[in-house]
Structures are given as structure tokens and as C-alpha cells.
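A.B. asks: Let me begin by handing over the structure; questions about it come next.
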Amino acid sequence: MRTMLRTLLGLGLVALLASPAVAQGRGFGRFGGSLTFLLTNESVQKELKLDDKQVDKAKDLAEKTQEEVRDKFQGFQDLSPEERRTKGMEIMREVNATVLKALGEFLKPEQITRLKQISYQQRGATAFLDPEVQKKLNLSDSQKSGIQALIQQAFSQMPSREEFQDDREAAMKKMREVNQKVLAESEKKLNDEQQKTWKEVLGAPFEVKYENQ
């Protein structure tokens with residue numbers, strides 16, 4: 001997915017792709033909450049206990065999805081930065097929904113559940129924008145708009161492509177700090193019951209390893 005990511009970054013989508021995975025210094029070749037990217041990650045495959053046949057099918061699905069996503073992002077250069085972010089998140093939600101349907105054909109229910117948990121962990125505060133998460137947490141309209149505002153504010157604070165080119169380490173540090181801050185502030189908007197449910201949505205903490213990618 002490196003080529004596609006470079007294209008998205010060139011269209012001003014650094015903020016959109018600013019997932020915890022990227023912010024932890026994993027580089028631009030990482031699609032933080034992408035289900036297909038996670039499925040092709042060796043550490044995630046081991047966590048899900050995928051067999052060889054499932055690994056092969058995951059690879060095929062990832063390649064197919066990459067082509068579809070690249071096509072969907074055509075024409076982004078004609079949109080405003082705000083339109084790019086909004087449309088980009090909409091596309092990724094659509095893609096993940098399509099992928100989840102395909103996963104049902106070769107993954108066990110418990111494997112899909114764990115994969116979604118890892119995806120939410122990787123997505124950080126943007127996971128609160130997911131309709132399924134919003135439903136599980138029973139977020140009010142006020143909470144949704146409040147979290148949305150925090151995320152939009154975070155977008156404006158993210159380092160630019162030029163900053164990454166000038167000093168990648170400093171840009172990564174800045175991105176990590178913004179991500180951590182917006183996630184913490186978003187979680188504060190949850191009541192006690194929602195906090196409990198949120199922990200269940202995330203599942204046991206898992207660190208995605210990228211040594212072989």
C-alpha cells in the first residue's frame with residue numbers, strides 16, 4: 001500500500017491517515033485502521049491464529065482492495081482540504097464495510113471480532129466516528145458532535161507534508177502528541193457506562209509489529 005499512501009499524502013491527507021500506528025513512528029506505509037492492511041501483518045495474523053489458507057485469502061483480498069481504494073481516491077486533487085478529509089473517511093468506512101463482508105467467507109466470528117478490536121485500537125479517536133462504535137456506546141448527538149469537533153481541530157494541528165520532508169522525526173513526535181491528546185479528550189466525553197463499553201470494544205491491548213513490512 002505504500003504507493004497509494006504516498007498519493008494520499010500528496011493530496012493533503014496526512015491528517016486523515018494520522019492513526020496511532022503511523023504516529024508511533026511506523027512510517028507512511030501503514031494504514032492505521034485498515035482491516036486489509038492489518039490482515040497482511042504477520043503479528044496480527046499470529047494474534048488471530050490464521051492458518052495458511054486464510055493467510056493466502058487475506059493477501060488476495062488486500063490486493064483487490066488496494067486497487068479499489070486507489071480508484072476511489074481519483075480526483076481528490078480537485079477537492080478542498082476539508083472535502084478531502086470528509087470524503088476520505090467516508091471512502092474508508094465503505095471499504096472497511098465491504099471488507100468485513102468478505103472476511104465472513106473465510107474468517108471465524110471470533111477472528112473477525114478480534115481484528116475489529118485491533119483496528120479500533122489503531123484508529124484512536126477516529127474510531128468514535130464509526131457508526132458501529134457509536135451504536136455500541138449509545139453516543140448522544142452532543143457527544144458525537146463534540147468528538148467530531150475535537151478530531152477536526154486535531155486535523156488542523158497535524159504536521160504538513162513539508163514538515164515531514166524537513167524533519168520526519170519531529171513531525172512524527174508532533175503527530176503522536178496530537179493523537180494522544182485528542183483520544184484522551186474524546187474519552188473524557190464518555191460517561192462511566194460508556195467508558196466500560198469502550199474498553200470492551202477495544203479488547204485486550206495489542207501492539208502491531210511492523211518489522212517484516
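A.B. asks: Using 0.36 nm times the number of residues separating ALA184 and ARG70, minus their current alpha carbon distance, what extension gain do you get?
C.D. replies: Details: separation 114, 0.36 × 114 = 41.04 nm, distance 3.22 nm.
Separation in residues times 0.36 nm, less the Cα-Cα distance, equals 37.8 nm.
A.B. asks: Quick one: net charge of SER186's neighbours, Cβ under 13 Å, K/R +1, D/E -1? Mind dumping the intermediate values first?
C.D. replies: Details: positive: ARG123, LYS144, LYS181, LYS188, LYS189; negative: ASP130, GLU185, GLU187.
Taking every other residue near SER186 into account, the sum is +2.
A.B. asks: Could you give the length gained by full extension between LYS59 and GLU162, i.e. 0.36 nm per residue of separation minus their alpha carbon distance, to one decimal place? Display every interim value, and only then the final one.
C.D. replies: Numbers: separation 103, 0.36 × 103 = 37.08 nm, distance 3.29 nm.
Extra length available between LYS59 and GLU162 comes to 33.8 nm.
A.B. asks: Given 0.36 nm per residue, what is the gain on full extension from LYS199 to GLU83 after removing their alpha carbon distance, in nm? Walk me through the intermediate numbers first.
C.D. replies: Numbers: separation 116, 0.36 × 116 = 41.76 nm, distance 3.16 nm.
Taking LYS199 through GLU83 to full extension adds about 38.6 nm, to one decimal.
A.B. asks: To make sure I understand the rule: partners must be aspartates and glutamates, Cα under 12 Å from the Cα of LYS173, and not fewer than 8 residues away in the same chain. Which ones qualify?
C.D. replies: Excluding near neighbours in sequence, the set is GLU163.
A.B. asks: Straight-line reach from LYS46: which aspartates and glutamates have a Cα under 16 Å away, not including same-chain ones fewer than 8 places off?
C.D. replies: ASP56, GLU110, GLU207, GLU211
A.B. asks: Lysines near LYS196 by alpha-carbon distance under 24 Å, same-chain residues fewer than 8 away left out - which ones?
C.D. replies: Filter leaves LYS116, LYS135, LYS136, LYS144, LYS181, LYS188.
A.B. asks: Something else: Just grab the label-to-label distance for GLU94 and ASP52, each label 7 Å out from Cα along the Cβ direction, in nm (one decimal).
C.D. replies: A separation of 3.8 nm, rounded to one decimal place.
Read-outs throughout are calculated quantities, based only on the coordinates presented, and are distinct from any laboratory measurement. Fair warning: this is a prediction, and the values are worked out from it, not measured in the lab. With ideal geometry, Cβ positions are generated from the backbone for all residues, glycine too; neighbour counts draw on all protein chains shown.
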